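For reference, the structure is listed below as structure tokens.
Only the coordinates and a few stated rules stand behind these numbers; no lab work does. Because the structure is predicted, anything quoted here is derived from the model rather than measured. Reconstructed Cβ throughout: ideal geometry from the backbone, glycine too, with neighbour counts over all protein chains shown.
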């Protein structure tokens, strides 16, 4: 399989989102790849509300099986969640469990007026009824493979295929 070009997908995602956002739209990136994307989308779309970053480690429904990953971070939501229009940003949508965990944490901070989802890649394999509102690319991957978003020192994004 030829890997998708992350920078090209980011440009497509930006254009897909542009007509649907306003300066008052809040972006909430899921650590780590989603935060990288949210930073770039925030700049590309000229949004005024500071981006938030969320780590869903404590909210995952498989926390008791997986435990805490070694690079857990605290979430930072620098905007009032109550009444906000929030777009959760992640790199790859798979089972939907990460997004469910992000929504659980978001609602612990308040009640947004709406929540949407933006992803670079939807790889199928959903286990929960979650779908992206904005998606640049859809593909199907075997369960034993995953796409990992990487960021170079220069800030360029790219995908790498990882065998589980």
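Annotation: the antiparallel percentage among DSSP beta bridges lying fully within the range 108-161 is about 55.
Kindly list the residues of the range 129-159 that lie in the label zone of residue 43, defined by a backbone N under 17 Å from the point 7 Å along the Cα-to-C-beta vector. Under cut-off, by backbone N: 150-158. Arranged from fewest to most other beta-carbon atoms within 10 Å of their beta carbon, 140, 98 become 140, 98. Remark: the residue 161-residue 133 segment gains 7.6 nm on full extension, using 0.36 nm per residue and subtracting the alpha carbon distance. Each peptide in 32-38, 76-82 was scored by the mean count of other Cβ atoms within 10 Å over its residues; highest first, the order is 32-38, 76-82.
Quick one: work out the % antiparallel among DSSP beta bridges in the chain, nearest 5.
Working: 8 of 28 bridges.
In the chain, approximately 30 percent of DSSP beta bridges are antiparallel ones.
Between residue 113 and residue 12, the modelled label-to-label distance comes to 3.1 nm, taking each label 7 Å out from Cα in the direction of the beta carbon.
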